[in-house]
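Working notes for the structure below.
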Amino acid sequence: MQLTVLGCHAATPRTLANPTSQTLEIKGHLFLIDCGEGTQVQLRKSKLKFSRIKHIFISHLHGDHFFGLPGLVSTFRLLGREKELHVYGPKGIKEAITMLLKLGDSWTNYPLYFHELTSKESTVVFEDDKVKVSTIPLNHRIYTNGFLFQEKEAERKLNIEAVASYEIDKCYYQKIKNGKDIILDSGAIVPNKELTFNPPKPKSYAFCSDTVFEPSIVPIIKGVDALYHEATFLDSETELATKTKHSTAKQAATIAKQANVGALVLGHYSTRYKSTNLFKQEAEEVFTPVLLGEDGKAFDF
């Protein structure tokens, strides 16, 4: 599972500070999460193939989280895309994007599907045989969701030596990998655990964009391998964070600690601060390990 942070700063783009956008590579998928201005350029710099992106998840309709989407949708068209594209985001995102396409008379030549979200409860928005994606209801100035990405448990691994010792025919291998016991010709039952090894533990990632300190999300993200949580301000600006419905680094770390996550990735820094190291130092007073999101940086979990 690889997370690539394309942009991780708040509000407006700057020379060396891109607004929120990231990709998550998990079980063969390359998911795009939020799409602030400059996302296309950051994708190019990170050498990520546009054609691999089939699902885009938008947390909310503030510009620093989706103003890059119209351009990306248009670029897909110019590149001759034929594969369908699915966009998941708050109600209104379809109108916002299609209005621009209409005014520019530049409709896509590929299937474009919008999945508009309105529920204030955690809801499954995408699922296949390998991955499930659910919303994480957040508390911001407008309707906002984070997203929880969960691998599904893989099939069990064959213990070839054990299988061979029982002279089990290959036609039963898939049944064994699916977790079934085997009945021998003698009538004896061989428990599956004697014929297989446990598969790798499924991995999970939680993306929590703009939100005030919101402990209600803890049960949803409990035990994830990695949590990205916004940290717009330092603790000295707690009052401002509450007023603008953002979080501090210390509050992000508190959520990580309560949820017992594997690692905390910080981002969405206000550009008022000269060094992001201050965010790391503050968060580490509450929780470790803390990783600093940086534009263009990739993390393996």
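The values are calculated or read from the model by the stated rules, or taken from the named source; none is laboratory data. All values derive from a computational prediction rather than experimental measurement. Here the Cβ is made from the backbone with ideal geometry for all residues, glycine too, and neighbour counts use every protein chain on show. Heavy atoms of the whole protein, side chains included, go into the accessibility calculation; ligands, DNA and RNA do not. Shrake-Rupley method; radii C 1.70, N 1.55, O 1.52, S 1.80 Å.
Over all other residues within a Cβ to Cβ distance under 15 Å of Gln174, the charged ones net out to +2, with Lys and Arg as +1 and Asp and Glu as -1.
Cross-linked pairs Lys157/Lys201; Lys27/Lys120; Lys45/Lys83; Lys130/Lys203; Lys152/Lys222: Cα-Cα separations exceed 18 Å for Lys27/Lys120; Lys45/Lys83. Once the Cα atoms are used to define both axes, helix 249-259 deviates from the longest principal axis of the chain by about 20 degrees. The mean accessible area for residues of the chain, using a 1.4 Å probe and ignoring ligands and nucleic acids, is 49 Å² per residue. Counting DSSP beta bridges with both partners in segment 35-191, what percentage is antiparallel, nearest 5? If we restrict to bridges inside segment 35-191, about 55 percent are antiparallel. With a cut-off of 9 Å between beta carbons, the residues surrounding Asn109 carry a summed charge of +1, where Lys and Arg count +1 and Asp and Glu -1. Please sort by residue number the chymotrypsin sites (Phe, Trp or Tyr not before Pro) in segment 123-196 whose DSSP state is loop and whose Cβ has at most 15 other Cβ atoms within 10 Å. Answer by residue number: Tyr166.
Name the residue, out of Asn178, Asn109, Asn139, whose mean-square fluctuation peaks in a Gaussian network model built on the chain with Cα pairs under 10 Å. Largest GNM mean-square fluctuation: Asn178.
Pairing the Cα long axis of helix 69-78 with the longest principal axis of the chain, what angle in degrees results, from 0 to 90 and rounded to the nearest 10? So the inclination is approximately 70 degrees. Within the accessible surface of segment 43-197, defined with a 1.4 Å probe on protein heavy atoms only, the carbon and sulfur portion equals 50 percent. Of the beta bridges in the chain, as assigned by DSSP with both residues counted there, near 55 percent are antiparallel. Loop-resident GluC sites (Glu not before Pro) (DSSP state other than H, G, I, E or B) in segment 108-149 with no more than 12 further Cβ atoms inside 10 Å of their Cβ: Glu121. Computed from Cα positions, the angle between helix 93-103 and the longest principal axis of the chain comes to roughly 60 degrees. Straight-line cross-link partners of Lys297 among the aspartates and glutamates, defined as a Cα under 17 Å from its Cα and at least 8 positions apart when in the same chain: Glu25, Asp34, Glu230.
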